[in-house]
Amino acid sequence: MQCSYFDAVACRSCTLMGQAYPSQLAAKQRHCAHLLEPYPDLEWLPTVASRESGYRNKAKMVVSGTVEEPLLGILDAAGEGIDLTSCGITGEELRDAFPVLAALVTRARLTPYDVPRRRGELKYVLLTVSPDGELMLRLVLRSTESLVRIRKHLPWLLDVLPALRVVSVNLQPEHKAVLEGDEEIVLTEQATLRMAVNDVVLHLRPQSFFQTNTDIAAALYRQGREWVEEVDPASVWDLYCGVGGFALHSAGEGRAVTGIEISPEAIASAEASRDEAGLPGVRFAAGDATAFALAAPAPPELVIVNPPRRGIGPDLAAWLESSGVHRVVYSSCRAQSLAKDLAAMPSLRPRRARVLDMFPQTTHYEVMVLLERA
Ligand SMILES: C[S@@+](CC[C@H](N)C(=O)[O-])C[C@H]1O[C@@H](n2cnc3c(N)ncnc32)[C@H](O)[C@@H]1O
């Protein structure tokens, strides 16, 4: 893939830009295989490739420039805005919507936040697209100063962007490099974006995590379901469950599935999806994954873990090691953390593994491993 921003050194986020895609995939496979060398019996399933471009379902754009001429993109080292509205890894529906969002900035007089001077209101626009092409827009603001004007122009916005389903304002009053604050004000009647993934409909609320690349997320959940179905366990935990992708794909007749996630917003999304699908055997709870496991009266037959980049950490690894759980499905976005966690669970042997390319043009990838108690 070729990118004019990369070539002009305006944005260097995609560090593999320009490298042939098959060679990117081969390098990721080699990188992962090297980290998992301590397990020579591991069976590698074929790498899952992604679309090379337009794969991102979410754009996080810093807003800079002026009310009359807003810029959506990133800031350079000097704090100057760089327009990235033609970013080629961003989904086409998102790119098509950026000019309308720039027009909203001008219409509603949303002063872009000026980082060096600590002045202005609009910090970021966060835009997500569903597999059906529907959109969720979040405006990250310093205060509620412009809220009335945003509400006033909302009918216009919904008219010119008919795919827009959810619009919200997130308040981030502090001058720090944190993307968003705790307070979210939903402005539309609809508060969740409908994400149809395989045969499961997930309801995404504004503050919940969702995997970056929807096609590859679908492949992850299919792989998870396949491994669960092979074992046909009576009880499954999905730890770090987010909006419940693995848990809802693991539901089955007579099977108790429990999803645990730190974000109450994500749990509310997961519960809404479960209720709509009518899956009484699936239960969700907000909380820390490790604390939940350590306090549970009995372990389940199979555990799925899909932690953040830091991995599951020593305490949960130690609990899994001694728990008697027979099978673990570990989905990781950082193979170095996976390798460290595996080393802490010698009784759970990696049997099968698969690299899935969640992030083309970058060195990042997802890897799923099926572990079995030796
Ligand atoms: C890589 S995401 C995976 C989400 C989900 N499995 C999916 O497919 O969308 C990791 C998730 O872990 C959650 N998380 C972070 N720390 C946690 C903790 N200590 N206990 C439980 N969940 C946590 C995050 O909020 C995030 O939703």
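The values are calculated or read from the model by the stated rules, or taken from the named source; none is laboratory data. The structure displayed is predicted, hence computed values, not measured ones. Quick reminder, even Gly has a Cβ in these numbers, built from the backbone with ideal geometry, and neighbours come from all protein chains shown.
Okay, here's what the table says:
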{"read-out": "From E253, E276, residue being surrounded by fewer than 17 Cβ atoms within 10 Å (Cβ to Cβ) and either within 12 Å of the ligand (Cβ to nearest atom) or outside any loop (DSSP other than H, G, I, E, B) (or both)", "value": "E276"}
{"read-out": "Enumeration of residues in the stretch 256-273 that are more than 13 Å from the ligand (Cβ to nearest atom), over 29 Å from S322 (Cβ atoms) and aliphatic (A, V, I, L, M)", "value": "A272"}
{"read-out": "Residue that is surrounded by fewer than 23 Cβ atoms within 10 Å (Cβ to Cβ) and near the ligand (Cβ under 10 Å from one of its atoms), where the choices are A298, A291, A318", "value": "A291"}
{"read-out": "Residues located in the stretch 290-315, provided they are closer than 15 Å to M345 by Cβ and in contact with a strand residue (DSSP E or B) (Cβ under 9 Å, 6 or more places away or on another chain)", "value": "T290, A293, P299, L302, V303, I304, V305, P307, G311, I312"}
{"read-out": "Residue that is nearest to T106 (Cα to Cα) [pool: residues in the stretch 134-175 that are over 22 Å from the mean Cα position of the chain (by Cα) and of a type in the set (K, R)]", "value": "R149"}
{"read-out": "Candidates L137, L157, L147 - the one that is aliphatic (A, V, I, L, M), under 27 Å from G65 (Cβ atoms), surrounded by fewer than 20 Cβ atoms within 10 Å (Cβ to Cβ) and modelled with pLDDT of 95 or more", "value": "L147"}
{"read-out": "Selection count, the stretch 301-315, where residues are in a helix (DSSP H, G or I) and within 13 Å of the ligand (Cβ to nearest atom)", "value": "2"}
{"read-out": "Residue ID - nearest to S250 (Cα to Cα), chosen from residues in the stretch 321-356 that are more than 16 Å from the ligand (Cβ to nearest atom) and part of a helix (DSSP H, G or I)", "value": "S323"}
